[in-house]
Amino acid sequence: MTRTQASPVRSWTASTSVLSLRNVDVHRGEAHVLRDVSFEMPPNAVTALLGRNGAGKTTTLLAVVGLLAATGRMSMAGTDLKPLKVDERVRQGIGYVPEDREVFADLTVAENLRLAMRGPESQARLQQVHKLFPILHERAQQRAGTLSGGQQQMIAIARALLNDNKILLIDEPSKGLAPAVVTEVVQAIEQVKATTTILLVEQNLAVAARLADHALVLDQGRLVYSGPMEDFARDTEATSRWLGVDIRPKAVGGRGNE
Amino acid sequence: MKRTAARNVPLAIAVALFAAVPFLSNVSVPLVFDGPLGSLGTMQIIAVGLIFAALAMTFDLLFGYTGLLSFGHTLWFALGLYLPAVLMVGAGAPFGTALLLALAACLLLSLIIGAVALRTSGIAFAMVTMAFAEAFLIFVERNPTKMFGGDEGITVAGSLLPQAVRGVAGIGTVYWIALVLAVTIYLLLRQSVGSRAGHVLQGLKENPLRVELLGLHTYRFRLLSFVLSSMLAVLCGFVYLLVARVAYPGIAGTDFALLIMVMVVFGGTGRLWGAALGGFLYGVANIRLGSMSTAAFGEGLPQWISGPLQEPPLYIGLAVVLMMLFAPEGLAGLIEKASSRLRARLAGSRRGRNSGAAPSGSGGTPGGDGTETALAASGQR
Amino acid sequence: MAMNDVISLLISGLGLAGIYFLLASGLSLIYGLMRVLNLAHGAIFAVGGFVGWAALEYLPVEPDWLRFTAALVLATLAGAMLGILIEKGLLARLYGRPYAQMLLTLGLAFAMTAFLGGWLGHDPLTLKQPAWFDEVTVIAGSRVVNSRLVIVGIALILFLATVVFLRRSKHGLIIRAGVNNRSMVMALGINVSKSFTLLFVIGSGLAGLGGVLAGVFFGSVTPELGTQQLIFAFIVIIVGGLGSLEGTALAALVVAVLQQFVNYYGPPGAGDLVTVLLLAVMLLVRPRGLLGKVAA
């Protein structure tokens with residue numbers, strides 16, 4: 001069974017959808033990197049955004065945050081995002097965990113976190129974040145640039161957890177991390193996923209399969225699959241066709257494949 | 001082929017007009033020029049305009065081709081005046097030898113300075129080039145070697161120049177030299193810069209100080225562009241020395257370096273002919289406005305109004321501010337917009353439709369998307 | 001090299017370093033945060049110098065140290081006001097187009113310098129400094145003009161104040177982070193432009209104040225004061241590393257002290273030329289600058 005055609009987008013209605021993209025196009029310089037992408041994201045679930053390198057995954061997140069100009073319609077929990085600037089969009093309730101962490105290397109860990117705290121509830125959330133990542137508490141006064149990649153990834157995720165966000169956009173949390181650290185990061189995301197809506201870009205299919213409920217697959221800027229993650233992960237022909245990978249040889253620490 | 005031909009029509013017209021000037025001794029352009037076009041005084045002014053047009057284009061070579069913004073481009077122009085002047089007046093070298101030695105020295109110097117300055121890019125490059133140009137001005141003004149004339153500059157007596165460019169008859173020759181200089185530089189640069197103009201325009205709206213072109217070019221290529229644009233500016237300096245017959249500190253240093261940029265911006269960044277237009281207009285206006293008495297401006301008003309009104313840089317500065325706010329693509333942009341509108345209207349009426357302005361390109365519309373592209377530019381690393 | 005000269009030159013160098021720092025730090029941070037190269041920064045510096053001159057000349061305040069304090073405050077306010085006008089009134093309209101913004105400030109620099117020159121002339125105007133400034137204090141056996149000490153003291157206080165602002169305040173945090181990675185600051189839901197306006201105003205105020213100190217240091221002010229000093233500010237910024245406050249301070253010290261010594265012992269203009277040489281050497285050895293953060 002293959003899904004060569006883009007299956008019709010699952011019909012979560014706009015009212016229940018946390019994030020909704022309609023006919024979104026993005027150009028980067030002369031390249032047309034996102035073509036007519038539409039999807040809806042259901043609440044309290046993890047949606048994985050998959051595809052080869054350069055398929056447009058990161059671009060999609062940047063367009064939602066507003067760091068890239070896009071045409072088409074974009075709304076979050078009923079709010080039109082298009083007229084809003086980056087910071088205004090984020091204050092509507094987006095937690096963004098960028099590719100390559102993007103922590104502020106010259107600032108201390110505490111300052112990195114303080115910068116992300118937006119509201120009065122953030123202080124209480126800081127306690128929870130410290131429980132989730134105790135190392136960030138221990139190293140609070142250390143310059144973030146001196147931390148390991150995994151610890152920087154924890155800062156990046158922590159920043160998104162410090163506010164009462166409607167959605168988290170997480171870009172390749174496992175990239176460049178040692179397997180043991182990947183497990184730690186994955187476990188952290190698992191802890192918060194029950195109560196949060198997450199759009200997850202992930203190269204590592206095993207990680208995606210373990211975390212995500214739904215899958216969106218991009219190929220050359222077009223959405224080619226939208227449906228349950230389980231179905232997609234099991235469909236070896238589809239995974240090798242759209243991702244060029246086979247799930248089986250890879251395993252995430254501690255747990256095999258379903 | 002057809003396109004090339006079409007591209008050459010405005011150039012041919014311009015060249016024909018300038019070539020006709022010396023023969024138009026009965027035609028006068030009131031207000032703009034005192035004497036008739038063919039008069040020596042007017043020809044001299046137009047020659048200066050042509051030289052500045054050429055100079056502005058050499059600036060555009062570096063900026064347009066490599067995305068490098070120099071705040072010190074005038075260093076090369078100034079060296080083109082100073083070195084031959086010093087060699088002739090101070091060292092007694094004959095004209096030809098002086099030019100050759102100056103060329104060799106500038107080649108070496110531009111290689112050295114380019115090699116150092118190109119260790120940086122973007123805004124740091126601008127600052128570094130500015131520092132080098134200012135260093136030359138300090139050197140000239142403090143005049144530790146007693147050879148560079150200090151504040152007075154170095155006057156080159158007519159007798160030191162070749163017969164052909166001496167005296168009254170020489171003005172005609174210099175005029176032709178200036179015209180050949182401007183046209184040659186235009187043709188040379190059009191070939192190389194023309195195709196890049198679009199990219200620069202793109203950069204103008206996004207973030208030109210870090211134009212991504214930089215990444216495309218190797219260090220050696222950028223150095224070559226730097227040396228080429230510098231050497232062409234040196235040539236402009238040579239020709240200017242023939243007209244001005246004095247090397248003076250006013251053309252060295254930061255203020256004039258920034259003025260070159262103003263010329264280019266005023267004419268229109270990213271279009272070679274825009275830079276030429278800006279340079280030409282500045283060259284002509286500078287002389288004409290300088291000779292016109294501004295002393296009467298603002299008479300009867302309090303000193304804090306009338307005083308500034310007599311300062312030409314005030315007008316230049318305000319014009320740049322207004323240009324950036326309302327027409328950031330310069331005169332060339334305005335002209336192109338007007339001509340495309342005109343063409344659209346002609347096409348519309350030919351079809352018997354009363355259409356309005358054609359849907360113009362995205363050029364220069366100060367819309368909300370400008371913000372977003374800029375963010376995008378800073379977002380991608 | 002007499003010891004007396006060394007100490008007095010060192011203190012002169014420190015004073016000049018303070019002036020460079022006041023001019024360069026704002027310029028560097030403003031560029032670091034928003035990629036706006038404010039070429040009118042030097043003109044604001046010159047306006048500050050003239051406001052200081054006018055206050056010392058005409059303000060009916062006694063004693064003279066109080067008049068001098070008033071001159072500093074007025075020049076700072078004038079600089080800050082100009083900063084607000086330029087940022088809110090003009091630059092904000094070209095938001096996201098740093099090239100157009102830079103050219104606009106270039107136009108402003110021309111216009112403001114011409115305005116000062118047309119109104120008050122291009123000849124140096126001598127500042128009426130408090131009498132005590134011209135007296136000398138003996139430090140470690142060498143005679144140092146008091147005005148130098150005043151400049152060093154004020155610059156030091158302002159340097160520390162700037163560091164505290166950047167380290168301790170919320171806006172300071174945003175500015176430091178923004179110089180590092182502005183898109184990410186925005187992606188944390190922070191309105192960077194508010195902090196930028198504040199930075200622009202503070203930077204312009206410091207430049208205005210720096211103009212008065214420069215007037216004291218050189219004894220007089222001219223409309224071209226800003227453009228001249230802007231060059232050295234650029235050198236300081238590159239040597240120190242774009243966007244780094246500490247680097248700017250360090251480079252200001254190195255450049256100014258070197259310049260003072262060479263100007264004193266060398267031929268005329270040599271000190272100024274040596275700073276350019278220092279810049280060239282720096283670029284060859286370490287193009288990022290002493291403590292550079294922004295990859296320019």
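The values are calculated or read from the model by the stated rules, or taken from the named source; none is laboratory data. Note that this is a predicted model, so its numbers are computed, not measured. Counting neighbours? That spans all protein chains shown, and the Cβs are built from the backbone with ideal geometry, glycine included. Please note that ligands, DNA and RNA were not included when accessible areas were found on the heavy atoms of the full protein model with its side chains. Shrake-Rupley method; radii C 1.70, N 1.55, O 1.52, S 1.80 Å.
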For the protein assembly as shown, size of Cβ-based charge dipole, Lys and Arg +1, Asp and Glu -1, in debye: 2260 debye
Cross-link candidates for residue A:85: which aspartates and glutamates have Cα within less than 19 Å, leaving aside residues fewer than 8 places away along the same chain? A:25, B:206, B:369, B:372
Rounded, prolate or oblate for the protein assembly as shown? Axes are the square roots of the Cα gyration tensor eigenvalues, ordered a ≥ b ≥ c, and the cut-off for rounded is a/c under 1.5. oblate
Could you list which residues have their amide H under 5 Å from that of residue C:241, counting only those 5 or more apart in sequence or on another chain, with H placed in the peptide plane? C:290, C:291
Need the per-residue list for segment C:178-219: every residue with at least 50 Å² less accessible surface in the complex of protein chains than in the chain by itself, probe 1.4 Å, sorted by number. C:180, C:181, C:183, C:184, C:186, C:187, C:188, C:189
Over chain C, calculate the relative contact order: mean separation of alpha carbon pairs under 8 Å at least 6 apart, over the residue count, as a percent. 36 percent
Computed label-point distance, nm, for sites residue A:44 and residue A:132 using a 7 Å Cα→Cβ extension: 1.7 nm
Partner chain coverage, peptide C:53-63 - average Cβ within 10 angstrom: 0
Which order do the peptides B:259-267, B:159-167 come out in when sorted by mean C-beta neighbours inside 10 angstrom, highest first? B:259-267, B:159-167
FRET efficiency estimate (nearest 0.05) - Cβ-Cβ, residue C:258 to residue C:136, R0 22 angstrom: 0.35
Could you work out what % of the accessible surface of the protein assembly as shown is carbon and sulfur, using a 1.4 angstrom probe and leaving DNA, RNA and ligands out of the count? 62 percent
Between residue C:191 and residue A:237, what FRET efficiency follows from the Cβ-Cβ distance if R0 is 60 Å, with the result rounded to 0.05? 0.80
Mind checking which aspartates and glutamates have their Cα closer than 14 Å to the Cα of residue A:131? Skip sequence neighbours fewer than 8 apart in that chain. A:184
Evaluate peptide B:315-326: per residue, the Cβ atoms of other protein chains within 10 Å of its Cβ; return the mean as an integer. 6
Kindly provide the helix-only [θ] at 222 nm of the protein assembly as shown, computed as the sum of -39,500 (n - 2.57) over DSSP H runs of four or more divided by all residues, to the nearest 500 deg cm²/dmol? -19500 deg cm²/dmol
Enter the mean number of other protein chain beta carbons within 10 Å of the beta carbon of each residue in A:64-70, as an integer. 6
Between residue B:303 and residue A:82, what is the spin-label point distance in nm, taking each point 7 Å from the Cα along the Cα→C-beta axis? 5.9 nm
Using mean Cβ contacts within 10 Å as the protection proxy, how do A:146-156, B:124-134 order, highest first? B:124-134, A:146-156
Computed lengthening from residue B:20 to residue B:187, 0.36 nm per intervening residue step minus Cα-Cα distance: 58.1 nm
Hz values of 3J(HN,Hα) by residue in segment C:24-37 - Karplus curve (6.51, -1.76, 1.60), Gly and Pro given as x: 7, 4, x, 4, 5, 5, 4, 5, x, 7, 10, 6, 9, 8
Cut-off under 15 Å on the C-alpha distance; same-chain residues fewer than 8 positions from residue C:194 excluded. Which aspartates and glutamates are left, in chain and number order? A:87, A:88, C:87
Residues with amide H under 5 Å of residue B:93's amide H, sequence separation 5 or more or different chain, H placed in the peptide plane at 1.01 Å from N; which? B:88
With just the Cα atoms defining each centre, how far is segment C:167-233 from segment B:141-157? Give it in Å. 38 Å
Pop the C-beta distance of residue B:107 and residue C:169 into the FRET formula with R0 = 51 Å and round what comes out to the nearest 0.05. 0.45
Quick check: from the Cα gyration tensor, does segment A:149-194 come out rounded (a/c under 1.5), prolate or oblate? prolate
